[in-house]
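Peer 1: First the structure, then my questions, so here it is.
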Amino acid sequence: YGCGKTICATTFARMINCNYLCGNCEACKMSINDINSDIIILDGALNSGIDNIRQLIDRVKYAPLYLKYRIVIIEEAHMLSKESMDVLLLTLQDPPKNTIFIFTTTNLIKITNTLRSRCLLIHINKIEHDILFKELKNISIHEDMNLSDDILSIISKSSDNSLRQGISNLETIYLAK
């Protein structure tokens, strides 16, 4: 949906290893620069098979190398096969020490009940129109786009309450100008 699920997950991954998101400690520097093997992001749509999940589980069997906690973020978790979810379920029942799993999804119903029951659910709603409008206006001002409020309103209304889609629409309109 483009409402910030992955940004929330990666921010949590940084925050769990640095309580202040200071940007200066080794945990923050490694997280910001994506040079951290202790934060794993897996696209469930591209890695939905059981072999992919088994490889992931083999990677997290051991203690984190650099950080206090290893964070595994599985994006589009609803795209995982049922067999993959079942293998993950076994791991979640007895998780590796200092490893936290985060699943993001746009279709919670497709996550098996047993897997869902082992998770803390956090719902992230789509962005309200007026907030999306303000964000797009700020971006247009910052980028010297000189777009009217009427155009920005049309862009935000046509973006299905998605910041990602709004930015894409904004770029398209601006480049077509």
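The values are calculated or read from the model by the stated rules, or taken from the named source; none is laboratory data. Here the structure is a predicted model, which means the values were calculated and not measured. Neighbour counts are summed over all protein chains in view; Cβ atoms, including those assigned to glycine, are modelled from backbone coordinates with ideal geometry. Remember, those area values only see protein heavy atoms, side chains included, never the ligands or the DNA or RNA. Shrake-Rupley method; radii C 1.70, N 1.55, O 1.52, S 1.80 Å.
Peer 1: Residue under question is TYR62, and the condition is that it be among the aromatic types (Phe, Trp, Tyr), at pLDDT below 90, at negative phi and open to solvent by 50 Å² or more (accessible area, probe 1.4 Å); does it hold? Let's see the steps before the verdict.
Peer 2: Values: among the aromatic types (Phe, Trp, Tyr): yes; at pLDDT below 90: yes; at negative phi: yes; open to solvent by 50 Å² or more (accessible area, probe 1.4 Å): yes.
When the stated conditions are applied, TYR62 passes them.
Peer 1: I would also like to ask the following. Restricting attention to segment 149-164, report how many residues are within 28 Å of THR104 (Cβ to Cβ) and either charged (D, E, K, R) or modelled with pLDDT under 90 (or both).
Peer 2: Within segment 149-164, residues that are within 28 Å of THR104 (Cβ to Cβ) and either charged (D, E, K, R) or modelled with pLDDT under 90 (or both) number 6.
Peer 1: Which one of HIS123, HIS129 is open to solvent by 50 Å² or more (accessible area, probe 1.4 Å), closer than 29 Å to LEU163 by Cα, without any contact (Cβ under 8 Å) to a residue 24 or more places away in the chain and not charged (D, E, K, R)?
Peer 2: Just one listed residue meets the conditions, HIS123.
Peer 1: Considering only residues that are charged (D, E, K, R) and either more than 17 Å from THR105 (Cβ to Cβ) or out of contact with any strand residue (DSSP E or B) (no Cβ under 9 Å at 6 or more places or on another chain) (or both), which ones fall in segment 36-68?
Peer 2: ASP38, ASP51, ARG54, ASP58, ARG59, LYS61, LYS68
Peer 1: Hey, another quick one. Mind checking whether some residue in segment 67-87 is without any contact (Cβ under 8 Å) to a residue 24 or more places away in the chain and open to solvent by 50 Å² or more (accessible area, probe 1.4 Å)?
Peer 2: No: zero hits.
Peer 1: How many of the residues making up segment 149-166 are open to solvent by less than 40 Å² (accessible area, probe 1.4 Å) and within 21 Å of the chain's Cα centre (by Cα)?
Peer 2: 3
Peer 1: All but one of (1) closer than 25 Å to GLN165 by Cβ; (2) open to solvent by 50 Å² or more (accessible area, probe 1.4 Å); (3) at pLDDT 90 or above hold for ARG54, so report the exception by its number.
Peer 2: Exception for ARG54: condition (1).
Peer 1: If a residue has to be assigned to a loop (DSSP other than H, G, I, E, B) and charged (D, E, K, R) to count, how many in segment 74-120 make the cut? Full working, then the answer.
Peer 2: From segment 74-120, those assigned to a loop (DSSP other than H, G, I, E, B) are 76, 80-81, 94-98, 104-107, 111-112, 117-120; that's our starting set.
Within this subset, residues satisfying the condition of being charged (D, E, K, R) are 76, 94, 97, 118.
Looking only at that region, the number is 4.
Peer 1: From the list LEU170, LEU147, LEU175, LEU132, exactly one residue is touching a Ser or Thr at 6+ places or on another chain (Cβ under 6 Å) and part of a helix (DSSP H, G or I). Which is it?
Peer 2: Every option except LEU132 fails the conditions.
Peer 1: Being among the charged types (D, E, K, R) and in contact with a Phe, Trp or Tyr (Cβ under 7 Å, 6 or more places away or on another chain) is true for just one of ASP38, ASP43, ASP51. Which residue is that? Break it down into steps so the answer makes sense when it comes.
Peer 2: On the way: ASP43 fails: in contact with a Phe, Trp or Tyr (Cβ under 7 Å, 6 or more places away or on another chain); ASP51 fails: in contact with a Phe, Trp or Tyr (Cβ under 7 Å, 6 or more places away or on another chain).
Every option except ASP38 fails the conditions.
Peer 1: Then there's this: In segment 88-102, what residues are under 23 Å from MET30 (Cβ atoms) and open to solvent by 20 Å² or more (accessible area, probe 1.4 Å)? Give the derivation first.
Peer 2: From segment 88-102, those under 23 Å from MET30 (Cβ atoms) are 95-102; that's our starting set.
Correct list: PRO95, PRO96, LYS97, ASN98, ILE100, PHE101, ILE102.
Peer 1: Here's something else I'd like to know. Within segment 137-148, identify whether any single residue is under 23 Å from THR6 (Cβ atoms), within 20 Å of the chain's Cα centre (by Cα), modelled with pLDDT of 90 or more and not basic (Lys, Arg), and answer yes or no.
Peer 2: Looking through segment 137-148, none of the residues is under 23 Å from THR6 (Cβ atoms), within 20 Å of the chain's Cα centre (by Cα), modelled with pLDDT of 90 or more and not basic (Lys, Arg).
Peer 1: Go through SER48, SER31, SER140, SER37 for me and flag whichever is crowded, with 16+ Cβ neighbours inside 10 Å, free of Cβ contacts under 8 Å to residues at least 40 places away in the same chain, part of a loop (DSSP other than H, G, I, E, B) and hydroxyl-bearing (Ser, Thr, Tyr).
Peer 2: After ruling out the rest, the residue left standing is SER48.
Peer 1: Another question about this same structure. When ARG118 is evaluated against the numbered criteria (1) surrounded by fewer than 13 Cβ atoms within 10 Å (Cβ to Cβ); (2) closer than 30 Å to LYS82 by Cα, which criterion, by number, is the only one it fails?
Peer 2: Exception for ARG118: condition (1).
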